[in-house]
Structure formats: structure tokens, C-alpha cells
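What follows draws every value from the coordinates through simple rules; no lab data is involved. Just so we're clear, the structure is a prediction, and the values are computed from it rather than from any experiment. With ideal geometry, Cβ positions are generated from the backbone for all residues, glycine too; neighbour counts draw on all protein chains shown.
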Amino acid sequence: MKHESLRDLATRRGLWIGCAVEPAQLHDDPACREIVTREFNCITAENCMKFDALQPERGVFTFDVADRLLDFAAEHGMAVRGHTLVWHNALPAWLKERPLGRAEALDLLQQHIETVVTHFKGRLPWWDVVNEVIDDGFPGYRLKHNLWYRAIGEDYLELAFRWAHAADPASLLFYNDYDLQSGEQKFGRTLEMIRMLQARHAPLHGLGFQFHTMPPDAPSQEAFLARLQRVRDDLGLVAHLTEIDINLSAALDPGELEQQAEVYRSILAAAMASGNCPVFITWGVCDKYTWVRRFTEGRRDHPLLFDKNYQAKPAYYALCDLLRSQAG
Ligand code: G3I
């Protein structure tokens, strides 16, 4: 019998399993491209749809790289998550060269969101509209005093969702953040912010759990299922797993790959049991391209389903076994 890929198994169960990619990985690395098209039915642009990539100069929008990625996805029957419209990072130099007044900041943010979402209209079923605005470096987890907050105030949040929804009413709009999968403070503060936006009738449809973690810090399957159920029952939102990587020690200690496999399995099992988390995206195709090595200065590594030589790891097989066992 033909080996069923992760993509085949996920598609059969109505799930989207994907990865973050850079265009060069698809266009210049055949082994990487083969994994993406064989094993995943959705992708996220790791960087080429961020503010600095799409508007490198004021008023000058460059969509060619992102359009090639979308064309690739369409050619291979893959969905694409839009990432990301409003963030404190990946901002072009021209935007940061001097403080912005409220009126100018409103104009710039509205123009960026409307131009970008309109350009991709009908091609992105989901958007990470706002990314990482809870300041976990501040006692009480206030809203991050990023460039937009400083110039506009907190109403930039609801306006961003309104502008995105007006530009593409069919796209489901997400708030996306890290370290929401466990711990109470940041998750609780995020729920408060979402309730504030809902009270203002902001068109917010989903919550993205980035899920960058390591085995000892990962929540149990039951605990994460309970969290996904709160997103549905308390907020009426859908959840997505948007940037999963389960990083290990660079030296790869004995048993770590098996611990990693169990974390990946438990996350997908919780997502499937919740019935409210249909998207499961890893932050990268294979360990060869992970951001983790650079971010941890080489201390942490091996976070993904495929290794540096494009070989499937125990975590990949754990996901396939789980999907195969949940006969659908
Ligand atoms: O493309 C330029 C290259 O031309 C230049 O020579 C080089 C010089 O450093 O920089 C390259 O751009 C880098 C880009 O990644 C592509 O490699 C940027 O400097 C670097 O800041 C950027 O890092 C990305 C980071 O977000 C910031 O945008 C990481 O790849 C990406 O994995 C990471 O992803 C974020 C999510 O968007 C949000 N959640 C957290 C996650 C991890 O930080």
C-alpha cells in the first residue's frame, strides 16, 4: 500500500498541517520543495509578507516575492496563512527614522493594511493581523508600547482588524502570540485584551498559539486541550497552532527526539480533540532552516519534523500514527 503522507492523512481528516517557508527554500532547494509539496497542505510565509518585505520604502509596495509563493501554493493545492500585518518587528528603516504623530501613524497603518490585504484578497483564508502585543517583559503584562501604540494609542488594535476585514471580508482574522500554551498570566492578559476588542465589536475570529517551546516546558495534552476549549467556550474563537517548534539541546541528548515526538503528538491530539483547532503549522520545513539555532546562538536546535538532511524524525511518525489511528 502506498505510504500515506502527513498531508494525505491530514487532508483526509479535514485538518491543515503546514510549515513556514522562505521562497528560496522552495525555488532553490529541490529536497525541501519535495517535502513541502508531499507532506503539507498549507504554508505560512516566514518573512516575505511582513511589513519590511512588502513596503520597503514609504508608499512603495513590493509583492513579487510573496506572489510567487502564493502561485506555488496554488499550483500545489495548498492554503496560505497571511503573516503578519501589525508587529513591532520586521519594520522598514523609513518607518522608524523619527517618531510618528497620531494622524500620520493612522494613515500609514491604514494604507499598509488596506493595500496589502486588498492585493491578496481571496487568496489568504487566514491572516495574523496583530502579532505579539502583550508585553511579557512588564509586570502585569501591559500592552506592548510598540511604535503603533506610542503614536496612536490602544485603538490601533481594533482599527487594524476593522481595516483588514473591510479589505477582505472572507479572511478569518487572528491575534497571534507566543507562550500562550502554558502559564496563566500572559494567556489571561490575552483573553482580557480579546474581550476588550470583542466589546468594541472588532472583527476578530481566531487566536494563534505560536507554540515555540521545549519538551520540559510543554503543557500536557489535557492541559492544552482545556486551554483550546477556553478559547472556544469563553471567547467563541477558533484556535490555530501557528509556529510550532519543539527545540532540543544542540548536542541532542539521549531520549530527546522521543520526548519531542510525544510533545508534537500531544499537541495534535489536543487540537483534534478540541474540534476547534484545524490548523497545525511548524515554524520551518526542516532543521536545516530553523530560526532557533541563530536565536539561541547555537545552544538549542533540532525543533522540526524533518532533520538537517531532510529525513523524517520520530515526531513526524508520531503525527502520522496519530492521524492513522483516528480513523476518519
Ligand atoms: O533577508 C535579509 C538578508 O538579505 C540580509 O543579508 C540578512 C542580514 O542579517 O537579513 C535577512 O533578513 C533576516 C530575515 O529573518 C530572513 O532571514 C532578518 O534580518 C531577520 O530579522 C529575520 O528573522 C525572522 C524573524 O521572525 C524577524 O522577522 C526569522 O527568520 C523568523 O523565523 C522569525 O519568525 C517570527 C515570527 O514572524 C513571529 N513569531 C516569532 C518568530 C520567531 O522569531
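Below are the figures for this structure:
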| quantity | calculated |
| --- | --- |
| Under 21 Å from K121, Cα to Cα: lysines that are on another chain or at least 8 residues apart | K50 |
| Hull volume in cubic angstrom per residue (convex hull over the Cα atoms of region 281-328) | 77 |
| Rounded Å value of the spacing that divides the Cα centres of region 130-195 and region 6-40 | 29 |
| Distance from region 203-227 to region 246-300 (C-alpha centre basis), Å | 12 |
| Cα gyration tensor shape for region 1-134, rounded if a/c is under 1.5, else prolate or oblate | prolate |
| Of P254, N146, F174, farthest towards positive along the dipole that unit charges on Lys, Arg, Asp, Glu beta carbons give the chain | F174 |
| Helix 314-325 axis, angle to the chain major axis (alpha carbon atoms, nearest 10°) | 80 |
| P(r) weight above 27 Å for region 101-237, C-alpha pairs, percent | 23 |
| Likely footprinting exposure, C19, C48, fewest C-beta neighbours within 10 Å first | C48, C19 |
| Two-decimal Rg to Rh for region 60-119 - Kirkwood Rh, Cα set | 1.05 |
| Sites R13 and A312 - FRET efficiency at Förster radius 25 Å, r taken between beta-carbons, to 0.05 | 0.85 |
| For L143, L85, order by how many other beta-carbon atoms lie within 10 Å, fewest first | L143, L85 |
| CD proxy at 222 nm, helix term only [per DSSP H run n ≥ 4: -39500 (n - 2.57); per residue of the chain; nearest 500] | -13000 deg cm²/dmol |
| P(r) tail fraction, the chain - alpha-carbon pairs more than 24 Å apart, % | 54 |
| Fewest-first ranking of Y310, Y156, using other Cβ atoms within 10 Å as the exposure measure | Y310, Y156 |
| Alpha carbon Rg of region 192-328, scaled by the compact-globule rule 2.2 N^0.38 Å | 1.13 |
| Cα gyration tensor of region 141-203 - equivalent ellipsoid semi-axes, whole Å, descending | 21, 16, 11 |
